[in-house]
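The values are calculated or read from the model by the stated rules, or taken from the named source; none is laboratory data. Owing to the predicted nature of the structure, the values given are computational and were not obtained by experimental measurement. Here the Cβ positions follow ideal geometry from the backbone for every residue, glycine too, while neighbour counts run over all protein chains shown. These accessible areas exclude ligands, DNA and RNA; they are computed on the full protein's heavy atoms, side chains included. Shrake-Rupley method; radii C 1.70, N 1.55, O 1.52, S 1.80 Å.
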Amino acid sequence: AGWPLGTSGELQYTQKKNEAEQFVETIKHLGPGERQPPLQLDYRVQDYRLQGALGNICENGILILRYGKLRGKDLLTAWLHHSLALLQLGSAYQQTWLVTKEKVIQFNSESTGPGILRLLQIYSKGLRVPSQLYVEPAYVYGSQTFSRGKIEPRDKAESALIDTVEKGYEPEWQLLLQ
């Protein structure tokens, strides 16, 4: 695939270029500062040990980018980064930004949600038995609940689940849901 020839191609190119420039300006306006080396992690949280490197670190916080529509996985990734940064940096931690084409979400030290222990428990259980947590349909359900759209949240989430399986976006789901 490529750009169409002629005026329509030029118009599409200009539109995409403007969108990309706006995305970059949004990031600059947040003021994340320069990229920093990853944070090295080595923690025990009850029976769990967390080891690794936490990336996406900037001078003034964590910056996670998705040049596309916000997805549940993006939100979960940002929350996990946020929670690990709080664990590692404590009061020195500033904020986490999740920037997508449609919105900017910011977490700071006062943001609330599931803690590291709860996330580890869900992950660990999912390694032993199939998890009932489907991140994308859950995100669609929550979004629909707050948007007060005409479609019921459960119906919208079910549609997202079916669509994801039918289009092969999550191959492991196809195995689980046969």
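Data table
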{"read-out": "Residue within the range 158-178 that is at pLDDT below 80 and either among the aromatic types (F, W, Y) or touching a strand residue (DSSP E or B) at 6+ places or on another chain (Cβ under 7 Å) (or both) present", "value": "yes"}
{"read-out": "Filter result for L119 (of a type in the set (A, V, I, L, M, F, W, C), within 24 Å of D42 (Cα to Cα) and within 19 Å of the chain's Cα centre (by Cα))", "value": "yes"}
{"read-out": "Residue in the range 1-36 that is most open to solvent (accessible area, probe 1.4 Å), counting only those that are of a type in the set (G, A, S) and in a helix (DSSP H, G or I)", "value": "S8"}
{"read-out": "Subset of the range 58-73 (residues that are under 19 Å from F107 (Cβ atoms) and open to solvent by 20 Å² or more (accessible area, probe 1.4 Å))", "value": "E59, N60, L65, R66, R71, K73"}
{"read-out": "Elements of type helices (runs of 4 or more DSSP H) in the range 72-178, at least 2 residues being closer than 29 Å to I27 by Cβ", "value": "72-89, 116-128, 135-147, 153-166"}
{"read-out": "Members of the range 114-134 that are among the hydrophobic types (A, V, I, L, M, F, W, C) and open to solvent by 40 Å² or more (accessible area, probe 1.4 Å)", "value": "L117, I122, L127, V129, L133"}
